[in-house]
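The structure under discussion appears below in the form of structure tokens.
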Ligand code: CAA
């Protein structure tokens with residue numbers, strides 16, 4: 001499909017989605033949202049696609065935030081009546097397949113928030129993360145105050161939200177926001193390799209592993225462990241469980257059915 005502000009292409013079983021407004025440091029406007037919603041829906045619906053990678057075009061930015069030039073035009077009532085930013089919250093809420101954010105530069109405000117919607121973040125050494133909305137007289141609106149706090153804890157989340165400062169990739173990895181930091185020129189290779197590894201896993205098990213880790217943020221330990229045990233037990237009924245364990249015993253590669 002042809003998009004105006006993003007690109008999306010299937011590379012084998014991996015969908016690569018690129019935010020593509022480099023002249024605005026990939027700032028996130030209403031068109032980006034609509035196109036990302038379409039690209040995620042297409043990825044989720046395509047049985048040949050098993051993992052996605054989202055990155056930013058150019059060398060400078062993943063996304064430098066929600067588009068300030070779009071927001072500056074709006075009346076307060078517009079934000080409320082449109083329930084502004086709710087579409088971003090919904091964008092990936094129902095995506096059951098795994099996806100990775102490959103952060104290649106600035107991930108600020110909404111950019112940091114989109115990266116945090118991913119199942120995990122792989123960052124280039126150049127990446128910079130922050131929630132600088134306070135400097136514009138506002139606060140995060142796409143989940144930053146909630147997801148950042150869950151990822152890095154209160155102290156650092158308060159520090160970032162209240163001072164508006166950026167944190168580099170090394171600090172972000174130390175704080176638990178980022179899964180891996182890689183040299184800038186290897187970012188896409190590393191992200192695609194990780195995505196291909198995931199895409200090579202039995203798909204139902206991948207979806208359930210994702211669901212379980214996500215559930216840990218919403219439940220008590222006992223409820224979460226019960227949920228985990230039940231889903232483990234349900235996976236034992238799949239053809240891929242039988243194949244995976246048999247292949248291990250026979251010392252051969254598994255041939256997944258996706259069922
Ligand atoms: N919205 C709209 N345009 C943006 C933008 C944004 N968030 N960020 C950068 N741009 C535009 C700039 O206006 C500039 O455009 P022009 O060439 O037409 O002037 C172009 O991208 C290049 O940016 P800079 O010249 O500023 O580049 P720089 O290297 O000097 O600085 C930067 C880079 C530090 C990231 C700086 O651009 C910046 O501070 N951007 C804004 C960051 C920000 O405040 N993000 C939060 C937005 S609010 C939000 O996201 C709310 C939410 O919770 C969802």
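Read the figures in this text as sums done on the coordinates, not as results from a lab. Small disclaimer: the values here were computed from a predicted structure and weren't measured. Here the Cβ is made from the backbone with ideal geometry for all residues, glycine too, and neighbour counts use every protein chain on show.
Largest mean-square fluctuation among 220, 163, 55, in a Gaussian network model of the chain whose springs join Cα atoms under 10 Å apart, belongs to 220.
Taking a point 7 Å out from the Cα of residue 223 in the direction of its Cβ, the residues of the stretch 89-118 whose backbone N falls within less than 20 Å of it are 93-94.
With the cut-off at 1.5 for a/c, could you classify the stretch 1-129 from its C-alpha gyration tensor as rounded, prolate or oblate?
Working: a/c = 1.77, a/b = 1.28, b/c = 1.38.
Here the stretch 1-129 falls in the oblate category.
Spin-label model, residue 233/residue 7: points 7 Å from Cα along the beta carbon direction are separated by 4.9 nm.
Using a Förster distance of 51 Å, how high is the FRET efficiency between residue 139 and residue 255, based on the Cβ-Cβ distance and rounded to 0.05?
0.55
DSSP bridge analysis restricted to the chain gives an antiparallel fraction near 25%, rounded to the nearest 5.
At an R0 of 51 angstrom, the distance between the Cβ atoms of residue 47 and residue 163 translates into a FRET efficiency of 0.65.
Comparing 222, 186, 239 in a Gaussian network model of the chain (Cα springs below 10 Å), the most mobile by mean-square fluctuation is 222. When peptides 11-22, 147-158, 206-217 are sorted by average Cβ neighbour count within 10 Å, with the highest value leading, the order is 11-22, 147-158, 206-217. Neighbour counting of Cβ atoms within 10 Å sorts the residues 114, 72, 53, fewest neighbours leading, into 72, 53, 114. To the nearest Å, what is the center-to-center distance of the stretch 1-20 and the stretch 31-70, using C-alpha atoms only? A separation of 8 Å, based on Cα centres.
Comparing 98, 183, 140 in a Gaussian network model of the chain (Cα springs below 10 Å), the most mobile by mean-square fluctuation is 183.
Report summary: the helix-based calculation at 222 nm, which adds -39500 (n - 2.57) for every DSSP H run with n ≥ 4 and divides by the residues of the chain, gives -13500 deg cm²/dmol.
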